[in-house]
Amino acid sequence: MKAHQLKLYNTLSRQKEDFAPINPPFVGMYVCGPTVYGDAHLGHGRPAITFDTVNRYLTHLGYRVRYVRNITDVGHLTGDADEGEDKIAKKAKLEQLEPMEVAQQYTDTYHRDMALLNTWKPSIEPRATGHIPEQIALVEAILNEGLAYVVNGSVYFDVLAYNQRYTYGKLSGRVLDELMTGSRDLDGQGEKRNAVDFALWKNASSEHLMKWPSPWGLGFPGWHLECTAMSSKYLGTQFDIHGGGMDLLFPHHECEIAQGNACNHQDPAKYWMHNNMITINGQKMGKSLGNFITLQELFTGKHPLLEQAYSPMTIRYFILTAQYRSTLDFSNEALRAAQKGYKKIINGLRIARSMDFTANAEIALDDEQVQQVEASITAAYRAMDDDFNTAMAIGHLFNLLKKINSIFTGQLQSASLGEEVFSKMLATYITFVEEILGLVEEKGEVQDGLLDLLLSQYSEAKTARNYAKVDEIRLGLKSMGFVVKDMKDRIDWAYEE
RNA sequence: GGUCGCGUGGCCGAGUGGCUAGGCAGAGGUCUGCAAAACCUCGUACAGCGGUUCGAAUCCGCUCGCGACCUCCA
């Protein structure tokens with residue numbers, strides 16, 4: 001394989017940088033996973049698919065990726081950081097379940113949805129509740145550094161003290177002075193010395209459901225701390241890539257950097273990657289706005305905003321058609337277009353898998369065709385090398401697909417490309433679609449054998465010029481989601497777009 | 001109010017100094033019993049106004065519009 005200089009946009013430097021792993025060929029990647037107190041929505045799909053694609057492409061390039069994605073099952077509070085309830089515990093009270101039942105239930109549905117989206121499982125999927133001792137140890141380390149303080153059984157990170165030795169706000173571009181004066185609301189500051197301080201460990205009230213003993217009494221860990229605990233445990237105190245949604249950039253990731261520096265005197269991650277939001281009517285889709293559509297609702301079409309159901313692969317394709325750092329606007333029209341585009345790609349995949357090179361000494365190499373194919377192959381890789389530009393890569397795959405379809409229908413001869421280029425074209429197309437972009441066929445209920453039988457009857461009826469029967473079979477197949485492709489020398493089927 | 005980002009043809013969405021993105025929708029054509037699929041051709045788009053430049057959607061400035069973060073959100 002030719003050398004790839006992969007570039008990725010590092011939020012820390014606000015520019016694209018050459019990717020150089022700390023310890024090649026190994027790559028450590030940590031991505032913030034879900035807080036499991038509700039079904040995953042379209043917004044959860046984006047980072048899952050984005051970083052799955054990063055994982056896939058890095059793996060394709062020969063890197064050995066350790067992909068860690070956590071499950072947050074404690075510590076994530078609603079509303080104000082001091083006064084809010086634990087999200088899981090709140091849901092548990094509402095549904096009269098154990099908190100861990102809630103966490104289990106939504107962890108399961110998350111896994112189900114992620115599998116449907118054909119994302120690779122993380123190498124390690126740690127849970128916050130499984131890492132309480134690690135989190136307590138981190139709190140102690142930060143206290144020992146003099147960068148945290150204890151109040152009434154809670155421990156807070158002392159951002160001002162930290163900022164004297166390090167720079168707080170370097171990831172989000174925030175200046176501490178402005179944060180101090182720009183705080184909109186100083187109420188609810190409670191025990192904290194400063195509004196910018198954040199909880200490392202929280203004292204648990206008597207009615208609190210999830211709590212653990214600690215040197216400071218019964219309590220539970222702060223949200224930001226879990227990621228530091230789990231990432232450093234499984235990837236080391238400094239690893240290559242930290243990913244997550246842009247909405248986590250501040251304060252969550254900023255706090256992770258502060259915690260990492262406080263404990264280990266170095267930034268936890270070399271590259272910070274952030275996917276942008278999915279919007280709906282131009283506004284961010286999110287829990288707080290209540291304008292989210294869950295993945296299950298998309299798959300079943302059961303939501304007032306949905307005109308139809310959209311399959312998991314349609315959703316995956318939809319997300320991949322936008323660069324991950326751009327916002328992506330949801331609409332039925334856009335999803336319908338994605339559905340058609342996906343089916344076109346997949347029909348091409350079926351064809352590409354079945355095609356063989358046909359040698360023909362009478363057909364000369366067509367330099368222009370060869371050049372076009374090679375340019376598209378190169379460009380597809382260049383797009384991925386340029387900060388995982390899947391949208392652009394897909395554009396070039398469509399260019400390859402035109403050649404593939406032309407050869408399949410006999411409008412172009414494989415011999416005019418030459419065997420080497422022809423094979424490279426098919427291999428590139430198949431590799432990109434299946435392996436890198438993770439787009440796979442969604443099998444319908446119809447068995448291949450039945451399909452073949454119907455097509456052979458179709459063929460017979462056609463030879464007999466029994467057009468009534470031909471039309472009948474055609475309609476029948478259409479109702480099952482397939483279309484017949486009549487070509488000069490044979491008949492094939494495709495997924496209906 | 002502070003910080004950051006965006007505004008591309010009917011729709012979605014790449015592109016960041018000169019070179020056709022692509023998909024969907026639409027028009028015409030080839031093929032076909034008719035279709036479909038596939039392929040070919042067609043849109044001369046870059047919020048507005050100025051500026052820099054031989055040349056700008058792409059750089060700079062201003063204006064307008066939209067959004068994100070600053071509080072839990074992927």
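The values are calculated or read from the model by the stated rules, or taken from the named source; none is laboratory data. Because the structure is a prediction, the values reported are computed rather than measured. Note that we place each Cβ from the backbone using ideal geometry, even for glycine, and neighbour counts take in every protein chain shown. For accessibility, only protein heavy atoms count, side chains too; no ligands or nucleic acids. Shrake-Rupley method; radii C 1.70, N 1.55, O 1.52, S 1.80 Å.
Here are a few things to note about the model shown:
- Beta bridges by DSSP in the range A:15-97, antiparallel share as percent, to the nearest 5: 20
- Prolate/oblate/rounded label for the range A:7-275 (Cα gyration tensor, a/c 1.5): oblate
- Length gained when the stretch A:LYS478-A:GLN308 is fully extended (0.36 nm per residue, less Cα-Cα span): 59.4 nm
- Quarter of the Cα convex hull surface for the range A:1-82, i.e. its orientation-mean projected area (nm²): 7.6
- Rounded to whole numbers, the Karplus 3J(HN,Hα) couplings from phi for the range A:318-331 are 3, 5, 6, 7, 10, 5, 5, 8, 9, 5, 10, 8, 6, 7 Hz, using 6.51 cos²θ - 1.76 cosθ + 1.60 with θ = phi - 60°, and x at Gly and Pro.
- Degrees separating the helix A:42-60 axis from the principal Cα axis of chain A, which is the longest one: 70
- Relative contact order of the range A:448-495, defined on C-alpha pairs under 8 angstrom at six or more residues apart (%): 26
- The angle between the Cα long axis of helix A:390-408 and the longest principal axis of the Cα atoms of chain A comes to about 20 degrees, rounded to the nearest 10.
- Here's how it looks for A:TRP272: its modeled amide H is under 5 Å from those of A:THR11, A:LEU12, A:HIS242, which are all 5 or more places away or on a different chain.
- Summed side-chain charge close to A:ILE315 - residues other than A:ILE315 whose Cβ falls under 13 Å, Lys, Arg +1, Asp, Glu -1: -1
- Helix A:419-430 and the longest principal axis of the C-alpha atoms of chain A enclose an angle of approximately 40°.
- Amide H contacts under 5 Å for A:VAL27, placed H, 5+ residues apart: A:ARG64, A:VAL65, A:ARG66
- Annotation: per residue accessible area for chain A equals 44 Å², rounded to a whole number [probe 1.4 Å, protein chains only].
- Computed 3J(HN,Hα) for the range A:21-33, one whole-Hz value per residue from the Karplus formula 6.51 cos²θ - 1.76 cosθ + 1.60 where θ = phi - 60°, is x, 5, 9, x, x, 8, 10, x, 10, 10, 10, 5, x, glycine and proline marked x.
- Per-residue ellipticity at 222 nm, computed for chain A from helices alone with -39500 (n - 2.57) per DSSP H run of at least four residues, works out to -13500 deg cm²/dmol.
- Computed P(r) (all Cα pairs; the range A:112-156; 5 Å bins; percent): 5, 17, 16, 15, 12, 9, 8, 9, 8, 1
- With only the Cα atoms considered, chain A has a convex hull volume of 162 Å³ per residue.
- Across the accessible surface of chain A, with the other protein chains kept in place and a 1.4 Å probe, carbon and sulfur atoms take up 49 percent.
- Qualifying GluC sites (Glu not before Pro) in the range A:409-463, DSSP loop, other Cβ atoms within 10 Å at most 11: A:GLU445
- The ellipsoid equivalent to the alpha-carbon distribution of the range A:402-497 has semi-axes of 29, 19, 9 angstrom, derived from the gyration tensor eigenvalues as √(5λ) and listed largest first.
- Percent breakdown of C-alpha pair distances by 5 Å bin, ordered from the shortest bin, for the range A:295-436: 2, 10, 18, 19, 16, 13, 9, 7, 4, 2, 1, 0
- Under-5 Å amide H pairs with A:LEU439, H placed in peptide plane, nonlocal only: A:GLU434
- Working from Cα pairs under 8 Å separated by at least six residues, relative contact order for the range A:7-275 is 24 percent.
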